[in-house]
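Contents: one structure, followed by commentary.
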Amino acid sequence: MSSRIVTLPNILTVVRMGLIPVFVTALYYQRFEWALAIFVFAGLTDGIDGFLARRFDQKSQLGTILDPIADKLLLVTSFITLSLDSIVARGNHLPIPFWVTAAVISRDVFIVVGSAAINVVTGFRGFRPSMLGKINTVVQIAAIVVILFMARLPGVRGYVLPTVYAVVFLFAVISGIHYVFWTSKLLNEDRQQRESAD
């Protein structure tokens with residue numbers, strides 16, 4: 001793991017973070033097509049920076065911290081902004097219901113606070129996402145894409161958006177609960193490694 005700061009994957013991650021205010025501005029002016037294009041581009045940079053980090057051995061300590069932060073900032077900002085009446089006119093399953101956004105944010109806060117508490121108490125820092133956590137992120141990204149697309153198709157929202165909201169909510173809750181068991185597994189593995197080293 002490199003300690004380098006200026007790597008191409010890190011630059012792409014910073015670009016993704018810089019696109020967040022541009023994305024919100026597009027939503028504020030109800031340019032949903034532009035917002036969708038910006039969001040998709042940001043998602044592509046996420047995949048590209050990961051590929052470049054692995055392909056050209058440019059994984060860095062900074063990147064392992066910045067990358068998930070950039071993802072969460074983009075997603076949380078998206079859900080909050082698309083939950084506002086001032087951004088999306090109320091009607092036909094828009095804006096995003098509060099209970100969906102609350103589940104998304106609560107899960108992330110729960111994980112961050114829990115990880116910080118465990119780190120303070122035990123000194124453990126080997127947190128890493130589970131497969132279910134990665135799937136949850138993919139589900140949320142896909143949900144934002146669908147919601148932005150549906151913003152211009154009011155006639156079919158009723159058939160699509162309720163299902164999207166239910167799936168996002170369920171994955172947020174289930175993956176949040178699963179993370180408790182996943183963290184316990186990581187702690188046990190770390191403890192066993194320490195004991196075998198001794």
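Bear in mind that the values in this text are calculations on the coordinates, not laboratory data. Every value quoted in this text rests on a predicted model; they were computed, and no experiment measured them. Here the Cβ is made from the backbone with ideal geometry for all residues, glycine too, and neighbour counts use every protein chain on show.
What whole number of Å gives the distance from the Cα centroid of region 26-92 to the Cα centroid of region 125-183? What the calculation gives is 14 Å, centre to centre. Normalising the average separation of contacting C-alpha pairs (under 8 angstrom, six or more residues apart) by the number of residues puts the relative contact order of the chain at 24 percent. The aspartates and glutamates within cross-link reach of residue 185, meaning a Cα-to-Cα straight distance under 18 Å and a gap of 8 or more places when in the same chain, are 195. For a test of the definition: using alpha carbon positions, the gyration tensor, and the 1.5 limit on a/c, classify the chain as rounded, prolate or oblate. Oblate is the answer for the chain, as a/c is 1.5 or above yet b/c matches or exceeds a/b.
As a check on your grasp of the helix formula, calculate [θ] at 222 nm for the chain: sum -39500 (n - 2.57) over DSSP H runs of n ≥ 4, divide by the residue count, round to the nearest 500.
Mean residue ellipticity at 222 nm (helix-derived): -27000 deg cm²/dmol.
Report, to the nearest 10°, how far helix 61-81 tilts away from the longest principal axis of the Cα atoms in the chain, using its own Cα long axis and a range of 0 to 90°. Computed tilt is about 30 degrees.
Please compute the Kirkwood hydrodynamic radius of region 1-81 from all pairs of different C-alpha atoms, in Å with one decimal. By the Kirkwood definition, the hydrodynamic radius is 12.9 Å.
Rounded to the nearest 10 degrees, the angle from helix 157-197 to the longest Cα principal axis of the chain is 10 degrees. Helix 98-122 and the long axis of the chain differ in direction by around 10°, with both axes built from C-alpha atoms.
Scaling against 2.2 N^0.38 Å puts the C-alpha radius of gyration of region 86-128 at 1.80.
Quote the charge dipole size of region 86-198 about the Cα centre in Debye, to the nearest 20; the model charges only the Cβ of Lys and Arg (+1) and of Asp and Glu (-1).
380
Using the Cα centre as the reference, give the magnitude of the dipole from point charges on the C-beta atoms of the chain (Lys, Arg: +1; Asp, Glu: -1; all else neutral), rounded to the nearest 20 debye.
Details: 17 positive and 12 negative charges, 34 e Å.
That gives the chain a dipole magnitude of about 160 debye.
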